[in-house]
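This report concerns only the one structure given below.
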Amino acid sequence: MITFVTSNEGKFMEISHEMRQHGIEIRWEKVEYDEIQGNDTHEISLRSCNDIMGKVTGDFFLEDTGLYCTPLNGFPGPYAKYAQHTIGNRGLLRLLEGSERSAYFLTVISLRHGNRVLQFDGKVNGTISENEKGSNGFGFDPVFIPEGQDRTLAEMNLQEKNAFSHRGIAVRKLIRYLQESNLK
Ligand code: ITT
């Protein structure tokens, strides 16, 4: 059985649900690891994976997610966790008052498979809403409206969010790889 290393229960719920739908059960290792700072989500995800290599036995994956707001030149990007803990959703809404509101989420999954590391990413474009709405999900979900939708991610249930979210797209690429390499 493959292990998902994350301290974030919301991520585990979304990913394990999607994988179960495809007949794959995963183990949760609730480890908080030091995240290397940097500007590139692929690089951060890869370095975190290399970093915890010796601490987790067997094949495992982790993921790093960033929220990039166009009018803020990509802020908070990979510093999403810090921004969430400091200014929060209300602070983000204040920063965007009176401005254009496009943004995207990017998730990069890094999988350790034997002695190789593979990456699977997912991106969803959208806009930051005018107000917080909804109570599902976590983090920035109450302020993010995916392109083509009229509700925030927090107004959707887990299955709806997975259908087109950054994480849903990335995990379906991982699932395809696991199925093709018979690693489930
Ligand atoms: P890990 O242990 O997996 O690293 P984390 O919460 O530290 O968990 P990240 O650094 O990847 O994860 O995520 C940064 C923050 O971005 C996270 O704490 C949330 O506040 C926010 N975030 C990530 N994915 C999100 C999503 O799908 N919807 C809304 N906010 C999200």
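The values are calculated or read from the model by the stated rules, or taken from the named source; none is laboratory data. These figures come from a predicted structure and were not determined experimentally. Neighbour counts are summed over all protein chains in view; Cβ atoms, including those assigned to glycine, are modelled from backbone coordinates with ideal geometry. Note: areas computed on protein heavy atoms with side chains; ligands, DNA, RNA excluded. Shrake-Rupley method; radii C 1.70, N 1.55, O 1.52, S 1.80 Å.
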Under 18 Å Cα-Cα from K133, which lysines qualify once same-chain neighbours fewer than 8 residues away are excluded?
K161
Could you sort the peptides 50-62, 107-119, 135-147, 160-172 by per-residue average Cβ neighbour count (10 Å cutoff), highest mean leading?
160-172, 135-147, 107-119, 50-62
Where the accessible area of the chain is counted over protein heavy atoms with a 1.4 Å probe, how much of it, in %, is carbon and sulfur?
45
How much accessible area per residue does the range 48-102 have, in Å², with a 1.4 Å probe?
51
Put a dot 7 Å past each Cα toward the Cβ at V31 and I52; how far apart are the dots in nm?
0.6
Could you provide, to the nearest whole Å², the per residue accessible area of the range 139-184 with probe 1.4 Å?
45
Suppose every K and R has +1 on its Cβ and every D and E has -1 on its Cβ; what is the size of the dipole of the chain about the Cα centre, in Debye to the nearest 20?
360
State the dimensionless ratio Rg/Rh of the range 47-184 (Rg: radius of gyration of Cα atoms; Rh: Kirkwood radius).
1.02
